[in-house]
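Asks: Dropping a structure here in structure tokens format, bear with me for questions.
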Amino acid sequence: RRKGRAAFLVALAFLVAIVGTGGVFGAAWIEQRLRPQDYTGAGTGSVTIQIKEGDSGGNIAQTLVSNGVIKGTEAFVAELAKNPKAASIQPGFYQLRKQMSSAAAVALLLDPKSRAGNQIIIPEGLRAVQVAARLAEKTGVPESDFKKVIKNPDNLGLPKYAKGKVEGFLFPGQYSLPPKGTAEQLLKMMVDRYHQVVRQMDLEARAEQADLKPLDVIIMASLIQSESGKPSDMPKISRVIYNRLERDPPMFLKFDSTTLYGLNKFGIVASSQDVRSKSRYNTYNYPGLPIGAISNPGQEAIDAVFKPADGTWLFFVTTDPKNKITEYATTESHFNRLRAKLNAYLARNGGN
């Protein structure tokens, strides 16, 4: 006990000596221990960092530390907390500098001129080839590079139920494209977003509850997305699909959109020659759903698969494509009148 007491007194005397010797060294030591680590100044060089969707202030701080932008996380988080504009920092890529003060780093993140890369919005319902064309135009990456990846998508991280097909799994939305990103990196961002969204939606569990395969959900959603003029049409078109498939015997879907997709054509109405095609996407000739998705649907279309409207409709026709007006029918005679209405519209407006 005497030895322990003696050691404590020696340590205490040493601490008193440090603090007491002019007070300068002791005060500096304590201040250094309590003050968050931080660089000074505006920094040097250049480094590109990415802020991801949903990143907290702590996440951003860790990213900056790992890229050598700031020295420690505490000072940066404190700077964010006292800056009223900090909440306006958006996901994306930023051009910053090495060894910046936390205050300087926050200021650059809030400066629109520091944004790196391109912003792009990919709308719902585009085919994979259309997505490729838009990405190529925006980035300068050759369109052929995207088509090669779409043809051989092994490194995109597609779900197993995609069966190696990209169509349906390039999730639409707003993207911040990385500078010098490759076709594979850009498409993988979209597949990653798909995984993120369907996890949040609990798609696989909901599909099981509905006695559907996950791939069938995405195929149905792609039909709903392609055929709907407005979000309000989606639950109704979903109901038409269910009503046709659940009849005894089931009705063929006879969707022009699937038939044209199988022929790599675009348009509203399939011709009499088109509907005779042997493509497995031709729902005039083959029963049930087509063999794959025909577009890349958004969340509302996927939700509509699980939440069809109540109704007995077996037919629908977009009678005014320009104004996105879709009408519904229960009988074939009513459908024929709606089809005649569409034909008249097309005749007035230059055809298909």
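Asks: Hey, can you tell me all the residues within region 295-334 that are more than 23 Å from G168 (Cβ to Cβ) and open to solvent by 40 Å² or more (accessible area, probe 1.4 Å)? Explain how you work it out, then say what you get.
Replies: Kept after step one, since they are more than 23 Å from G168 (Cβ to Cβ), are these residues of region 295-334: 310-315, 317, 319-323, 325, 327-334.
D310, T312, W313, K322, N323, I325, E327, T330, T331, E332, S333, H334, listed by residue number.
Asks: Which of the residues belonging to region 237-273 are touching a strand residue (DSSP E or B) at 6+ places or on another chain (Cβ under 8 Å) and part of a loop (DSSP other than H, G, I, E, B)? Give the steps one after another, and end with the answer.
Replies: Here is the first cut: in region 237-273, the ones touching a strand residue (DSSP E or B) at 6+ places or on another chain (Cβ under 8 Å) are 237, 240, 268.
Correct list: I268 only.
Asks: Could you list all residues from region 45-61 that are within 13 Å of L80 (Cβ to Cβ) and either open to solvent by 60 Å² or more (accessible area, probe 1.4 Å) or in contact with a Cys (Cβ under 6 Å, 6 or more places away or on another chain) (or both)? Talk me through it step by step, then tell me what you get.
Replies: Step one: list which residues in region 45-61 are within 13 Å of L80 (Cβ to Cβ), which gives 51, 55-61.
Selection gives N59 alone.
Asks: Also, I was wondering about something else. Could you please let me know if S271 is touching a Ser or Thr at 6+ places or on another chain (Cβ under 8 Å) and either at negative phi or of a type outside the set (A, V, I, L, M) (or both)?
Replies: Details: touching a Ser or Thr at 6+ places or on another chain (Cβ under 8 Å): no; either at negative phi or of a type outside the set (A, V, I, L, M) (or both): yes.
Here the answer is no, as S271 does not meet what is asked.
Asks: Looking at Y161, Y94 in this structure, which one is buried (at least 20 other Cβ atoms within 10 Å of the Cβ), touching a helix residue (DSSP H, G or I) at 6+ places or on another chain (Cβ under 9 Å) and of a type outside the set (A, V, I, L, M, F, W, C)? Let's see the steps before the verdict.
Replies: Details: Y161 fails: buried (at least 20 other Cβ atoms within 10 Å of the Cβ).
Of the residues listed, the single one that is buried (at least 20 other Cβ atoms within 10 Å of the Cβ), touching a helix residue (DSSP H, G or I) at 6+ places or on another chain (Cβ under 9 Å) and of a type outside the set (A, V, I, L, M, F, W, C) is Y94.
Asks: Taking region 117-151 as the search range and keeping residues that are of a type in the set (G, A, S) and closer than 19 Å to K265 by Cβ, which one is surrounded by the fewest Cβ atoms within 10 Å (Cβ to Cβ)?
Replies: Initially, region 117-151 is screened for residues of a type in the set (G, A, S), giving 117, 125, 128, 132-133, 136, 140, 144.
From the residues that got through so far, the ones that are closer than 19 Å to K265 by Cβ too are 125, 128, 132-133.
Details: G125: 20, A128: 23, A132: 26, A133: 15.
Only one residue tops the list, namely A133.
Asks: Right, another one. Residue check, Y39 against (1) surrounded by 14 or more Cβ atoms within 10 Å (Cβ to Cβ); (2) at pLDDT below 90; (3) out of contact with any helix residue (DSSP H, G or I) (no Cβ under 6 Å at 6 or more places or on another chain), all met but one. Which one?
Replies: (2)
For every residue, the table says whether it meets (1) in contact with a strand residue (DSSP E or B) (Cβ under 8 Å, 6 or more places away or on another chain); (2) in contact (Cβ under 8 Å) with a residue 40 or more places away in the chain; (3) not in a loop (DSSP other than H, G, I, E, B).
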position: V275; (1), (2), (3): no, no, yes
position: R280; (1), (2), (3): no, no, no
position: P290; (1), (2), (3): no, yes, no
position: T319; (1), (2), (3): yes, no, yes
position: Y328; (1), (2), (3): yes, yes, yes
position: S333; (1), (2), (3): no, no, yes
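Asks: Here is a further query. Mind listing just one residue for me: the one in region 220-258 that is among the hydroxyl-bearing types (S, T, Y) and in contact (Cβ under 8 Å) with a residue 12 or more places away in the chain and, of those, surrounded by the fewest Cβ atoms within 10 Å (Cβ to Cβ)?
Replies: Filtering first and then ranking leaves Y242.
Asks: So S114 ticks every box in (1) more than 19 Å from the chain's Cα centre (by Cα); (2) within 21 Å of G58 (Cβ to Cβ); (3) at pLDDT 90 or above but one. Which box is left unticked?
Replies: (3)
Asks: Might you let me know whether region 341-352 holds any residue that is in a loop (DSSP other than H, G, I, E, B), touching a residue at least 40 places away in the same chain (Cβ under 8 Å), more than 31 Å from the chain's Cα centre (by Cα) and within 18 Å of A270 (Cα to Cα)? First the steps, then the outcome.
Replies: Step one: filter region 341-352 for residues in a loop (DSSP other than H, G, I, E, B), giving 349-352.
Then keep just the ones that are touching a residue at least 40 places away in the same chain (Cβ under 8 Å); that gives 352.
Applying the additional criterion that residues be more than 31 Å from the chain's Cα centre (by Cα) yields 352.
Now narrow it down to the ones that are within 18 Å of A270 (Cα to Cα): 352.
Among the residues of region 341-352, at least one is in a loop (DSSP other than H, G, I, E, B), touching a residue at least 40 places away in the same chain (Cβ under 8 Å), more than 31 Å from the chain's Cα centre (by Cα) and within 18 Å of A270 (Cα to Cα), which makes the answer yes.
The values are calculated or read from the model by the stated rules, or taken from the named source; none is laboratory data. For clarity, every value in this text was computed on a predicted model and none was experimentally measured. Cβ: placed from backbone, ideal geometry, glycine included. Neighbour counts: every protein chain shown. These area figures cover heavy atoms from the full protein model, side chains too; ligands, DNA and RNA do not enter into them. Shrake-Rupley method; radii C 1.70, N 1.55, O 1.52, S 1.80 Å.
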